[in-house]
Each structure stands twice: as structure tokens, then as C-alpha cells.
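**Student:** I'd like to ask some things about the structure below.
All of the numbers you see were taken from the coordinates with simple rules; none came from a lab. Treat the numbers as computed from the prediction; the structure is a model and nothing was measured. Using ideal geometry, Cβ is built from the backbone for each residue, glycine included, and neighbour counts are taken over all protein chains shown.
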Amino acid sequence: MSENIVTSEVNSKSSLVEYSMKVILALQHLIAMFGATVLVPILTGFDPSIALVSAGVGTLTFHMVTKRKVPVFLGSSFAFIPVILSVKKMYNGDLTYVQGGIIVAGLIYVIVSLFVKKIGIKRIEKYLPAQVIGPMIMVIGLNLIPTAYSMASGNLKIAVITLGIALVINFAAKGFIKQLAILIAVTSGYLISLKMGIVDTKLITEAPLMAMPGFTLPKFSVPAIASIAPVVLAVFMEHVGDVTTNGQVVGKDFIKDPGLNRTLLGDGLATMIAGFIGGPANTTYGENTGVLALTKNYNPAILRLTAVFAILLGFISKIGGVLKSIPVPVMGGISLMLFSMIALIGVKTIKNSKVEFNVKNIIIMITILVLGFGSGIIEKHLGITLGIPITETVKITGLSFAAIVGVLLNIVLNGRVKQA
């Protein structure tokens, strides 16, 4: 009898420790996604609290649709910013018409998911060999690195200290401490910033303990829908790249299982939910994929717990104030590491798939890298925007344009079946 009691107590303590570890890891994911998720509504006029709620609900919906297999977090999409601002101006600042366009965009994603299910994933995979996917993943990371540097440049000293702490822990520490590299580094950077007097503590003291987000219902109009819906064409390949990157990190092919049709469906439903309650469109997040790559902990349940925290954060303003007070350079330093790791995953994809470095594959990979990453440099210095115009306000550029050209170029040079 006493042995059973002791065993029960040991199991109880073990479960408590395990759950505590999940909570800490979930908070780490929360910190990684927070900056970008609230930045989109700040830039466009949406309520950041609603963005957090819609991100959390959207992530839980995504996990339900994808059989709880994919360790993904969905946050505010940057791809929609130009069209949101355009429609907002069109309707004198009324974002409810933007919500209608976002809902239709999400619905198109759902329709595309049904189409993908009908034609089968094998047909799609034939067009996505490693010499195409690898550079696509690299472009995702490379395009994010300048943003991270811009964040860090506000105070390079703090950014470098934060980055340095994270790197030291990642390379020198072991076990659970190593998995907490981001949390420890951000906390250290925050405390140092607090001592230097560069933390805006008013964001904490002036924030109420609890507050109800200002949820709004959508309105629908043809001009708004026509402006926003075509963005789906631009972000489809981005979705494929993000899900593939996530799978490469975890060591599983999520395009096959649970299937691209399910990830698209989850993304579409999450975006529709955001539109119905007054938030920006959702998308899979590279920041959280970077955390997975760093911690080597791929438990999807941790991301679901992060989603619950994000929802609570939308209502608990005081905690949100603490996160909002984290200096941008601190997050910039951490982001430099996370985004660099994503780019390295692309390199590993090419290496592990044993892509043959012949003239054809080199041309394909260089083309994707130049169009995906170099197009921004070309536009800045030469004034030439590379891309495919969809509407007056929407143009397929960057990763999406590079991916389309890369797929077509691979078909021309290698044929759709050849993989390497």
C-alpha cells in the first residue's frame, strides 16, 4: 500500500515537472512570435489584442485540422499589409471592409486545399524537388535577416549581448537549459536594458489588468475583395515553403502527412476566423520554426499551449504590457539567430538530399536565390521591381515569384519527375 502511495507521489511530481517544462517552452515560443504578430496590427490599424486572440484561435484550429501533428504557430501575415492599407484608404479608414476581403482570401485557401486533395500530393511533389525547395527555404531566412538587423540597429550593444548569451547557451549548455536559450537571453537582455534605462515601463504601469478586445464584425464589398483576395496567389508558395521548412526541422514530411491540403485548410480557416472577429490574416511563422530548430523540441502540444497563452494575453493587458516593453534591439538580436538558422536549414536540405551540382541545378538554385533575395536589392538600387502583377495593388514578388520561376525552370531543364 505504502509503495503504491510513493509511486503515485513520484509520478505526480514527474508530471508536474514535465508540465512546468512545457509551460516554460511555450512562453519562449510566445516571446518569439509576439513582436511580429503585434507589429502588423500596429502598422495597419487593427487592434493588437484581437490579433493575439485570432492568432491563438487560428493556431488551435490549424492543429485540429492537421491532426495535431504539425508544430506550427500562426501569426499576423505581413504579405497582406499593402492591400490592407489600400482598402483602408479606399473606405476612409474603415477596416471592416478589409475584414470582408480577408475572409474571402481565407475561403480561397480552403477551396485550394480541396483542389490539392483532389489532384493528390504526389503530383504536386513532382514539381518541388530539393533543388527548388532548398533555395526557397534559404530565401525565407535571408529575407528576414535584414528585418532582424534593422531591429537590432536601434542599440547594437544590447542586441549583440542578447545574441551572444543565446549562442553561448546553445553551444555550451546541455539538456533543458539549452532549450531555454532564447528565454534566458531575452530575459538577460531585458534586465540589462532595464538597468540602462531604455525600457518603457509606462507600458506596464499604465496597462489595465484585464480588458476586452474591441471585436468587430466584417462588411463585404466587391472592390475590397478584388483588392485583397489575389494576395492568396502570392502567399501560396510561401505557405509551401514554410510547411516544408518546418518539416525539415522536425525531420518529417508534413506535405505528405497530414498533407498539404490539411495545412492549407488550417491556414485558410485561421484567416477566416481572424476576418470574422477583426484581426489581420494569419500565416505560419518562421520565428517559431527557428525556435524549434534551436531547442530540438518538436512537441506540437507546446505550440498549442502557446496559442492558449496568446489568447489569454489578448485579455490580460498587464502581461501584454510587459511583453510590449521588451526593447526592439533585444528581439532583434534573438531574431538574427533564429532567421539565420532557417537559412541554414535550406542549405542542409540541399546537402541531405544529395542534389547533384550540375549546370542545370546550379542555374535553378541561383535563379531562385537572386529573384527571392536579390530582387529587393535590384529594386532599391535600379528601381526595377521583379514580379507578376495581379491587380493594381497586388504583385507576386519575392519568395512567391522566385518559387514560381524556380518550379517552371526546373520543369524546362530537368523535367517534372527528376528530383536532383
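**Student:** Please compute the length gained on full extension between residue 202 and residue 19, using 0.36 nm multiplied by the number of residues separating them and subtracting their Cα-Cα distance.
**Tutor:** 62.6 nm
**Student:** Also, quick follow-up: Across all directions of projection, what mean area in square nanometres is found for the Cα convex hull of region 1-155?
**Tutor:** Dividing the Cα hull surface by four gives the mean projection, 15.7 nm².
**Student:** What is the distance in Å between the Cα centroid of region 307-365 and that of region 75-143?
**Tutor:** 18
**Student:** May I pose another question? Using the Cα atoms as the points, what is the convex hull volume per residue of the chain in Å³?
**Tutor:** In the chain, the Cα hull volume divided by residue count equals 176 Å³.
**Student:** If you wrap a convex hull around the Cα atoms of region 285-380, how much volume per residue is inside, in Å³?
**Tutor:** For region 285-380, the hull spanned by Cα atoms encloses 146 Å³ per residue.
**Student:** Let me ask you something else. What residue among 320, 337, 406 has its Cα farthest toward the positive end of the dipole of the chain, where the charges are +1 on Lys, Arg and -1 on Asp, Glu, each on the Cβ?
**Tutor:** 406
**Student:** Indicate the helices, whole DSSP H runs only, in the chain that combine a mean Kyte-Doolittle hydropathy of 1.6 or more with a Cα extent along their long axis of 20 angstrom or more.
**Tutor:** For the chain, where a helix must reach 20 Å along its axis and average at least 1.6, the hits are 96-119, 156-172, 181-196, 300-315, 398-414.
**Student:** Using Stokes-Einstein with the Kirkwood hydrodynamic radius over Cα pairs, what translational diffusion coefficient do you get for region 14-61 at 37 °C and a viscosity of 0.692 mPa s, in µm²/s rounded to a whole number?
**Tutor:** The calculation lands on 273 µm²/s.
**Student:** Between residue 252 and residue 167, 0.36 nm times their residue separation minus their Cα-Cα distance comes to what?
**Tutor:** 28.0 nm
**Student:** Excluding residue 250 itself, what net charge comes from residues whose Cβ is under 10 Å from its Cβ, given Lys and Arg +1 and Asp and Glu -1?
**Tutor:** Combined, the nearby Lys, Arg, Asp and Glu give +2.
**Student:** Continuing with this model, one more query. Using only the Cα atoms of region 138-243, construct the convex hull and provide its projected area averaged over every direction, in square nanometres to one decimal.
**Tutor:** Convex hull of Cα atoms, orientation-averaged projection: 11.7 nm².
**Student:** Then there's this: Among 276, 229, 300, which residue has its Cα positioned farthest towards the positive end of the charge dipole of region 171-310, with +1 placed on the Cβ of Lys and Arg, -1 on the Cβ of Asp and Glu, and the dipole taken about the Cα centre?
**Tutor:** 300
**Student:** Using a Cα-Cα cut-off of under 28 Å, which lysines could be cross-linked to residue 89, ignoring same-chain neighbours fewer than 8 residues away?
**Tutor:** 219, 324, 380, 395
**Student:** Can I ask one more? Rounded to the nearest 20 debye, what is the charge dipole size of the chain about its Cα centre when +1 sits on each Lys and Arg Cβ and -1 on each Asp and Glu Cβ?
**Tutor:** Dipole of the chain, to the nearest 20 debye: 860 debye.
**Student:** Of the listed peptides 72-79, 200-207, what is their order by residue-averaged count of other C-beta atoms within 10 Å, with the highest listed first?
**Tutor:** Those peptides, ordered most packed to least, come out 72-79, 200-207.
**Student:** Also, I was wondering about something else. Would you mind working out the magnitude of the charge dipole of region 116-263 relative to its Cα centre, with +1 at each Lys and Arg C-beta and -1 at each Asp and Glu C-beta, to the nearest 20 Debye?
**Tutor:** With Lys and Arg at +1 and Asp and Glu at -1, about 420 debye.
**Student:** Let me ask you something else. Which entries in the list 178/256; 22/318; 122/296 go over 25 Å, if you measure between the two C-alpha atoms of each?
**Tutor:** Where the Cα-Cα span goes over 25 Å, the pairs concerned are 178/256; 122/296.
**Student:** Something else: Per DSSP helix of 4 or more residues, -39500 (n - 2.57); summed, then divided by the residues of the chain. What does that give at 222 nm, rounded to the nearest 500?
**Tutor:** After summing the helix terms and dividing by residue count, I get -24000 deg cm²/dmol.
**Student:** Turning to a different aspect of this structure: Tell me, in nm to one decimal, what length is gained between residue 64 and residue 363 on full extension, where the rule is 0.36 nm per residue of separation less the Cα-Cα distance?
**Tutor:** Full extension of this stretch gives 103.6 nm more.
**Student:** Taking the convex hull of the alpha carbon atoms in region 90-130, what volume per residue do you get, in Å³?
**Tutor:** 94
**Student:** Ok, one more. Report the FRET efficiency, 1/(1 + (r/R0)^6), for residue 298 and residue 356, where r is their Cβ-Cβ distance and R0 is 41 Å, rounded to 0.05.
**Tutor:** The computed FRET efficiency comes out at 0.85.
**Student:** So, one more: At q = 0.16 Å⁻¹, what log₁₀ I(q)/I(0) does region 260-313 have when each alpha carbon counts as one equal point scatterer in the Debye sum?
**Tutor:** Values, matching the q order: -0.60.
**Student:** Using the eigenvalues of the Cα gyration tensor, what equivalent ellipsoid semi-axes result for region 93-165 when each is taken as the square root of five times the eigenvalue, whole Å, largest first?
**Tutor:** Working from the Cα gyration tensor, I get semi-axes of 36, 25, 8 Å.
**Student:** With r defined as the distance between the Cβ atoms of residue 408 and residue 92 and R0 fixed at 30 Å, what FRET efficiency is calculated, to the nearest 0.05?
**Tutor:** Once rounded, the FRET efficiency stands at 0.15.
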